[in-house]
Amino acid sequence: MAGDDDDNAKLQILKNALYDEARNHGSEERLFTQKDLIDLGVIPDSNLLLLVKVVQSLCDDRLLVGVSSGSGIAWRWRNREDAKKYTSLPNEETMMVYAVIDEAGADGIWNRTIKNKLNMHENLVKQCIKHLETKGYIASMKNVEHPNKKMYIKANLRPSDRATGGPWFTEGELDTAFIDQLKEIIFEYIKSKSAYLGSLPGQSANPALRPPRKGTIRGTAPSAPASDADAASARGTKRAATDISNDDSPAPARAPEGGGAPARRPPGKVYLPMPAGYRHYPTVPEIAQLIHDTGITNNTTLGEADIQQLVDVLRYDGLIEPIKVNGRRGYRVARPTKQDTVSFAKRQKDREAGIGLDLPMFGMEPPGNGLTEVPCGRCPVFELCEEGGPVSPANCVYFDQWLEI
């Protein structure tokens, strides 16, 4: 009896020593082969039979978990707190269900997958799950990839981004408002850093100083010549510069009441591309820092990979384009002269007031033609439109809106 007690005491010492050394030489995810355990230097004389006894005892205590690997069987250690949970379960079936949920990790597992893996009756699986939930060992979760499936995860784990959808999902639903707001802020930042407000070449602040184009004689409309001779004479006569008007100049401004100089409309401003050799196009790390500094994400943490996803969406939408910046990838706005010059703050204020809701949130107007601009080209009730029908050109509300009647 004394010999058995000594052997058990020695085994317990070796178990504790081997477990502690395994923890000191790797995380819970590291797999230890038989050689790795021998190399820890705990087992005397590298005795394989003694190693098997120690490993088996640790497995019985749920402190080691056997795993099949490419090179054979291996083991990983489990923390003592989780091991106590296993040993506190009432039967082997509940332990097996808990082990399957444990192995699924932060992705969670479907209850039917548990049933199929263990080849266990559905009612028994439900009983085990109910017991584990009551003990607080597991919890149900939602998975955005499988919204209609009942998923389970260990209660002390946070669901993975794959399961929750990452920062773009809120309570299992895609947060489109949050995404659109971030896209608009990122786009406005890229636009402000890759283009500047100016006038197109050839535009002058004073239209009167523009060079005249081929025009018509001021004052009178052209009339038909009286005869062929008169026509030939007219073709051979050069008009004076004072008789030619600028056909692209605006109409004279109306003088304000009470006298004074007529109000002059300022020349239009457009976004122009940066000159060749410009090297300050924004990069993803800079955009991520901007989002962090603004604090608009509240408690949601966004990394550079998350910002890269939004930038890629803007790129695929044709709103921005990549460009090399000092060996790194920067981004600039596409077709800057076609971009809206209204500031982000004013556009937000207008939208809150119900102004411009039919316009794109940001970027340029989509290209169109006569058919897409007229209401008939995009009419949602086109098939019902006919004379005498419920919808007809005579009572079309879309035409009234288009013509601003």
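Accessible area ranking (1.4 Å probe, heavy atoms, ligands and nucleic acids excluded), largest first, for Tyr316, Tyr281: Tyr316, Tyr281. Per-residue packing, averaged as other Cβ atoms within 10 Å, sorts the ranges 25-32, 95-102 into the order 95-102, 25-32, beginning with the highest.
If you sort Leu50, Leu18 by accessible surface, 1.4 Å probe, largest first, the order is Leu50, Leu18.
For segment 78-90, the Karplus equation 6.51 cos²θ - 1.76 cosθ + 1.60, evaluated at θ = phi - 60°, returns couplings of 10, 5, 5, 5, 5, 5, 5, 4, 4, 5, 8, 6, x Hz by residue, with Gly and Pro reported as x.
Calculated FRET efficiency, Glu28 to Glu352, Cβ-Cβ distance, R0 = 56 Å: about 0.65 to the nearest 0.05.
Per-residue accessible area (protein heavy atoms, 1.4 Å probe) orders Thr33, Thr94, Thr294 as Thr294, Thr33, Thr94, starting from the largest. Here Phe382 sits with roughly 120 square angstrom of accessible surface, probe radius 1.4 Å. Converting phi to 3J(HN,Hα) with the Karplus coefficients 6.51, -1.76 and 1.60 and the offset θ = phi - 60°, segment 314-320 yields 4, 5, 5, 7, x, 8, 9 Hz in sequence order, with x at every glycine or proline. Toward the positive end of the charge dipole of segment 34-117, with +1 on the Cβ of Lys and Arg and -1 on the Cβ of Asp and Glu, the farthest Cα among Leu48, Ser88, Leu63 is that of Ser88. In this simple spin-label model, placing a label point 7 Å from the Cα along the Cα-to-Cβ direction at both Asp20 and Ile179 gives a separation of 5.2 nm. 3J(HN,Hα) along segment 383-388, derived from phi through the Karplus expression 6.51 cos²θ - 1.76 cosθ + 1.60 where θ = phi - 60°, amounts to 5, 8, 7, 6, 4, x Hz, with x in place of Gly and Pro.
The values are calculated or read from the model by the stated rules, or taken from the named source; none is laboratory data. Given the structure is predicted, the values throughout are model-derived calculations rather than measurements. Neighbour counts run over all protein chains shown; Cβ positions are idealised from the backbone, glycine included. The protein model used for the area step is the full one, side chains on, heavy atoms only, and it has no ligands, DNA or RNA in it. Shrake-Rupley method; radii C 1.70, N 1.55, O 1.52, S 1.80 Å.
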